[in-house]
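The values are calculated or read from the model by the stated rules, or taken from the named source; none is laboratory data. Bear in mind that the values here come from a model prediction, so they are computed numbers and not experimental data. Neighbour counts are summed over all protein chains in view; Cβ atoms, including those assigned to glycine, are modelled from backbone coordinates with ideal geometry.
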Amino acid sequence: MYTAAKHGVVGLMRAVAKHFWLVNGVRVNAICPGTVRTNLLDERGWSSFPAEFFTPVEKVVDVVVKLVEGEWQDAYGVKVTGEQLWGRAVEINGKNHYFREMPEYCDDNMRQVMVATDVDSIGGVLSGAKEVEQNPYPGNKEGVAGLVQG
């Protein structure tokens, strides 16, 4: 159940992030911390995990602060600027953090359907919305603009 809930949070973030960024300039991201010592288990339950498996609460706080501040780099060296720091799933494990990319579409037909129904592809809906230079779907190498031929 816990893993399913985490996937749901990432899916919800990916569904709303672009709209909130384009229309309101609000950055929506999701953090996915690894094992954090909380009140989910008692001391006996936590003792079954090796110490190196834990993600310090301070690291989770640091990730949230960095998301708010903008311009950032993950443990693999992937750099993201403030204008690109929306719609990101950030996995936190131990003392490291990683940007997790959206999975690629299963085929070109699915990509075209998803692009055609994307918030910036629906005519007239976003009057005055921001121009987006980044590819909000990193698994989709071409980006959103111009993919659907009319």
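Scanning the range 1-37 for residues that are assigned to a helix (DSSP H, G or I), within 20 Å of Thr55 (Cα to Cα) and within 13 Å of the chain's Cα centre (by Cα) yields Lys6, His7, Val9, Val10. Can you confirm whether the range 44-64 contains a residue that is in a loop (DSSP other than H, G, I, E, B) and at positive phi? No, every residue in the range 44-64 fails to be in a loop (DSSP other than H, G, I, E, B) and at positive phi. Checked against (1) surrounded by fewer than 15 Cβ atoms within 10 Å (Cβ to Cβ); (2) out of contact with any Ser or Thr (no Cβ under 6 Å at 6 or more places or on another chain); (3) under 15 Å from Glu91 (Cα atoms); (4) β-branched (Val, Ile, Thr), Ile31 passes all but a single condition, namely (1). All told, Gly25 meets the bar of being farther than 13 Å from Asn93 by Cα and not hydroxyl-bearing (Ser, Thr, Tyr).
Just name the residue that is surrounded by the most Cβ atoms within 10 Å (Cβ to Cβ) out of those in the range 63-73 that are β-branched (Val, Ile, Thr) and farther than 13 Å from Ile92 by Cα. Out of the qualifying residues, it is Val68.
Does at least one position in the range 76-87 carry a residue that is closer than 19 Å to Val119 by Cα, assigned to a helix (DSSP H, G or I) and not polar (S, T, N, Q)? So far as the range 76-87 goes, yes, one or more of its residues are closer than 19 Å to Val119 by Cα, assigned to a helix (DSSP H, G or I) and not polar (S, T, N, Q). If you go through the range 73-87 and keep only what is of a type outside the set (A, V, I, L, M) and without any contact (Cβ under 8 Å) to a residue 60 or more places away in the chain, you end up with Gln73, Asp74, Tyr76, Gly77, Lys79, Thr81, Gly82, Glu83, Gln84.
Checked against the criteria, Val26 counts as in contact with a Phe, Trp or Tyr (Cβ under 8 Å, 6 or more places away or on another chain), surrounded by fewer than 17 Cβ atoms within 10 Å (Cβ to Cβ) and not basic (Lys, Arg). Counting only residues that are at pLDDT 90 or above and among the acidic types (Asp, Glu), which one in the range 44-62 is farthest from Arg88 (Cα to Cα)? Across the range 44-62, the extreme among qualifying residues is Glu58.
Out of the range 14-43, which residues are within 19 Å of Val119 (Cα to Cα) and charged (D, E, K, R)? Hits for the range 14-43 are Arg14, Lys18, Arg27.
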